[in-house]
Amino acid sequence: MEPLAAAPEMPVEIARLNAAIARFCGGPLPEGGEALSCFLLHLRPLIDRLDLRFSEGAAAFAETDEYYRQGCYSPIHWIRLNCHMTGGAAADRVAVGEQLQSIPESGQSMVGGEIGFAHLAHVARTAAAIQETGTNKPFDETSLLEKARDLTVGRFIDFCHHMRHASDPEGYAAEEARAVEARSLTLKTGEGGMVWLRGVLDPEGGAVLRTALEPLAQRNGKDDDRKRDRRLGDAVVDLANRSLDDGLVAPRGHQRPHLQVTTTLETLLQRTGAPAGDLEFSLPISAKAVERLACDCNVTRILLGAASAVIDVGRSRRLISPSQRRALKARDKGCRFPGCDRPATWTSGHHLVHWTRGGPGDLPNLVLLCHRHHWMVHEGRWQLVKTDDGKMLAIPPQLDLTHPARSPGHQVA
């Protein structure tokens, strides 16, 4: 569908607003930094108020079938085409308009200039996500609004994710699973042999890639004038070269990237109401993902006091020692998931009974699993059981036609 060739006749109140805006925009800008800062600080809340009014109209429009009559498949599709917005911006406006009755204090705080429209949009999206969990309790915006007043938009987004995880950890993990299934990467050779890459990664997958590339993309000396996109492109090639030169490509495998995960003890123990875990270069991750990453990692204990002041930092402790890893490689020789032929160098250690639930750290409780099967056992809800003769039995999750648990890349007929 093409955008409307000509907009319908402008309503009278919009025409008056348009004339006032034209007069305002036709005037000169203030001069001097102090005057310009005052100009911007007072102008932005007015733009936010217009966005709020637009959101109310967008939500009301979504209740009609006008978008369908004009050949669009959704209200957001119509708004994106005809109002010259991105899909995400259009979805934000519809979400705010639909949730405004359940977040009245947040709306008033935005009108009063205490928070911005971007804060309000994330409050609305969080309210919608929590309400979709089926809880009968009315949504309480208090804690979100308090944080919105104190935090920048970027940090507030993370808090919203923590709030959603605390309210529905299973649903949060299911969203992560769907994001993993959406991974894709295409390589296309163009004119002159140039290779074009196009892909999508889930937050954790993106964090793994960035963790590997960031050290290689730093400037190499004071005379390095490469732009960041060039340095990242060089880092990809450098990483591939090093993998080949060091024999880290199959069948010898490669070392798993080191991710830094910060989590509370409550999250690690998967207690109700716990926040999500913080993963460097990524959005907060679910307790399920934290548990998987904690199977084979270095753990550093950090004690916090009042106002999150650090009281004590313990020594980093390797959960699976180098000697245990050598023994595991000699014993398992590769991934122990039935039917998997990944070599040991492509695997990580897995606790059959997780150490947070009292599982011992000795060899009988440890097995090697490749990344895919390790993910299946934790987020995918498969069960791995050792039989009396030492063999591994993989038990699939119960069939759930609504939200089936799947492994990365798994396809359903």
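None of the figures in this text is laboratory data; all of them are computed from the coordinates on show. Computed from a prediction, not measured in an experiment: that's the story for all the values here. Cβ coordinates were reconstructed from backbone atoms using ideal geometry, including for glycine residues, and neighbour counts include every protein chain displayed.
What the table below lists for this structure:
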read-out	value
Shape category assigned to the stretch 12-167 from the gyration tensor of Cα positions, a/c cut at 1.5	oblate
Partnerless Cys - the chain, beta-carbon criterion under 4.7 Å	CYS25, CYS38, CYS72, CYS83, CYS160, CYS295, CYS297
Distance between modelled label sites at LEU36 and SER321, nm, 7 Å Cα→Cβ extension	6.3
Ascending count of other beta-carbon atoms within 10 Å, so fewest first, for TYR68, TYR172, TYR73	TYR73, TYR68, TYR172
Rg followed by Dmax, in Å, when the chain is reduced to its Cα trace	26.1, 85
Relative contact order of the chain, defined on C-alpha pairs under 8 angstrom at six or more residues apart (%)	10
The stretch 169-293, dipole about Cα centre (Lys/Arg Cβ +1, Asp/Glu Cβ -1), debye to the nearest 20	240
About the Cα centre, charge dipole magnitude for the chain (Lys/Arg +1, Asp/Glu -1 at Cβ), debye	1800
HIS374, HIS84 arranged by Cβ crowding within 10 Å, fewest neighbours leading	HIS84, HIS374
Förster radius 35 Å - calculated FRET efficiency between LEU50 and ALA309 (Cβ-Cβ, nearest 0.05)	0.25
Mean ellipticity per residue at 222 nm, deg cm²/dmol - from DSSP H runs of n ≥ 4 across the chain, formula -39500 (n - 2.57)	-14000 deg cm²/dmol
Hz values of 3J(HN,Hα) by residue in the stretch 382-390 - Karplus curve (6.51, -1.76, 1.60), Gly and Pro given as x	6, 10, 10, 10, 8, 7, 4, 8, x
